[in-house]
1. Per the Cauchy relation, a quarter of the hull surface: what is the mean projected area of the convex hull of the alpha carbons in the range 2-210, in nm²?
2. Where Lys and Arg each count +1 and Asp and Glu each count -1, what net charge lies around LEU573 among other residues with Cβ under 9 Å from its Cβ?
3. Can you give the % of DSSP beta bridges in the range 2-210 that are antiparallel, to the nearest 5?
4. Could you size up the charge dipole of the chain around its Cα centre, putting +1 on the beta carbon of Lys and Arg and -1 on that of Asp and Glu, and report it in debye to the nearest 20?
5. Express the Stokes-Einstein translational diffusion coefficient of the range 325-618 in µm² s⁻¹, to the nearest whole number, given a Kirkwood radius over alpha-carbon pairs, 20 °C and a viscosity of 1.002 mPa s.
6. What is the Rg over Rh value, at two decimals, for the range 358-492, using alpha-carbon atoms and the Kirkwood definition of Rh?
7. Compute the Cα gyration tensor for the range 444-483, then decide on rounded, prolate or oblate, letting a ≥ b ≥ c be the square roots of its eigenvalues: rounded whenever a/c is under 1.5, prolate when a/b is larger than b/c in the other cases, and oblate in all that remain.
8. State the Cα centre-to-centre distance between the range 323-363 and the range 36-68 in whole Å.
Amino acid sequence: MSNFRDVIFRLRRAFISAAVEFSTLTSMPYAPPVSLEGKSFVVLGAGTLGRRIAMMWLTQGEVVHLCDPHEKALSDASHYIRENLEDVISVHVPKGKPGTLALFQDRSEAMKNAWIVVEVVPEILSLKISLLGELDAILPDDCILASNSSSYTGSEMFEKVVNRERFVNTHYYMPPQTLPVEIMPNPYTDPAVVALLLRESPRHGLRAYHVKKESVGLLFNRIWAAIKRESLYVVAEGVAGADEVDGIMKDVLGMNRGVFEMLDGVGLDVALDIERHYVQVRAGQIPPEPAALLQSMVDAGTLGVKTGKGFYDHPPHAPIAEKDHIVFLDLIKGEIRSLAIDGREGKTLITGLTGHPDGVQIDERPGKGHIYWTNMGTRANDGFLSRSNIDGSEITTIVPPGATHTPKQLVLDTEREYLYWCDREGGKIQRCKLDGSNLETLYISASTAEQHKDQRTWCVGITLDTQRGLLYWTQKGGSKAGSGRIFRANIDPPSGSDPANRKDVELLFDGLPEPIDLEYHDGFLYWTDRGDPPFGNSLNHADVSASLAPNAKPRGPSRALVIAERFHETIGLTIDPVDKKIYVADLLGSLWVTELDGSHKAAILRDSGNFTGITYLPSSKVRLTKEFFCRILMFLCEIQDRRWRYRKILVPAPREQSDRFSSLSEFVNSS
């Protein structure tokens, strides 16, 4: 009986297969639409990736339908897109404009008038086979049917698809942080499908890669799987440890994160599922040891970051390592990250920031230990300032929404215990104590509704010369408009003065491409400019050691100001005053270092996010060494003070020197 049932089962499968093959032979060929205008791009699945795909295809003013059976998933996706779309357009599609997003729980309604439908459902083969068959049966002939699968080829999924000519793999990574999309046909795919996607994807800020024939893992994941597998094999055989493998990969290939660091991030259970699939499709070609190693760790419950332990330990709030670091913000991911100045030891200190972080400062003094940052909000007067411990714990709001409109660059004055920042759309400069108290407005650049619309009034970058009591700021002007300005004034307003009508304001520079953030060091002002060349997209400096002169004539743009160029939308900068380095962050996700004169420009990190604010954090060992040196120097100075005074009595110094310092200790303190 069992043999008979087996024969019947085989005959049934053969019949179904033959029927599908016959229907394929009689299917309608794909004919691309005459025009995409008015047609919708449809995404099935509003999860983490689906909402990001939808957002990228909303960057050219077109219609996107996002469909998910769960109302909360749609609501969360809509909120995410609303919060991020304008920033994504400004960074990745400069000439784009927001499109129209429509949300659906009814799949049949969502697919009306579609030119493409992309499924982004879980990587379960049976689910994909059924869904793709259902979609194929109801879609019009000129509609592309696409799967986001990275694990399965079209041939593995198209069992129930009749019109295989319009079926294609379009594998997205995690836009807008990671922009590639791999386009892979199956053996039946019409070349017109691939051509259309290769044309349209770059228009929407994506980087399209043509996978010319079916490949498990497509391009990157196939290559990456081999690297992961061999790395696991090395550890499984006891040739080296995970940290040694990661170390040599970083040293030789310049990777910022090692193989095992990334495996821990993805999850070892997920990595095991992927490896099992490769074993199935390449029977006899894959060694069993890598999967066995992963299986042992999954059985032990050590899955990586999500369980706190994998190949590495992952405490909830890991401290910054004992090296000089730069701490920087990722605007789109909503993260505060740190990286050693040698490009290693990258850490994410805080995640899940939804307020669009822009400016950051760290107070590393003993007994303090806080990170401060600005959150721009949604341009609806809902910006705010936040604070956490240096390890990222205990996040709190110190300046609430409504008290500042769109806070930008942030400056920390440890001597007076103040935070200073520019409020862009608010058209003002503000400061408060480190706990958020004593909030005050120092300067107002825009008072009327008309003035607030004028981007020449938008205050963005800010820095202090505390020794001379001066405040510097930028008013950036329109995007690439060549109307940017840099001002300075006294830090403390004149007694009784009106912030909107201060008489001590000096316009230093006018007509700059688009000046953004500022730093002051040793008589020089440094700034980034994200405007157009020849003077924009640059790092600049100028001597500002002259006294404040409100009536002086401003300078204009010139090559003499530019000390480094060819960045990618420069935003943040910070200075290491000891080693005399400048660190620059750009909006397309790179970190750069130069000398103080702009020479020897080099990338520390490339194309790894969308960066805004940045600050330099010397290691605690360096800070202790400096403090120890200063104390020893002060001790020696105190010993010499009597001799100094005695010499002043016996051999009077020139009057200006004698008046300036009463002791050697005072001289050292002033240096």
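1. Values: hull surface 49.1 nm².
Dividing the Cα hull surface by four gives the mean projection, 12.3 nm².
2. Values: positive: none; negative: ASP517, GLU519.
Combined, the nearby Lys, Arg, Asp and Glu give -2.
3. Working: 6 of 33 bridges.
The antiparallel proportion sits near 20 percent.
4. Details: 75 positive and 87 negative charges, 188 e Å.
Magnitude of the dipole: close to 900 debye.
5. Working: Rh = 18.7 Å.
So the translational diffusion coefficient is about 114 µm²/s.
6. In the range 358-492, Rg relative to Rh is 0.97.
7. Values: a/c = 4.44, a/b = 1.78, b/c = 2.50.
Here the range 444-483 falls in the oblate category.
8. With the range 323-363 and the range 36-68 each reduced to a Cα centre, they are spaced 30 Å.
Every number here is computed from the coordinates shown, using simple stated rules; none is lab data. Small disclaimer: the values here were computed from a predicted structure and weren't measured. Positions of Cβ are backbone-derived with ideal geometry, glycine not excepted, and every protein chain shown enters the neighbour counts.
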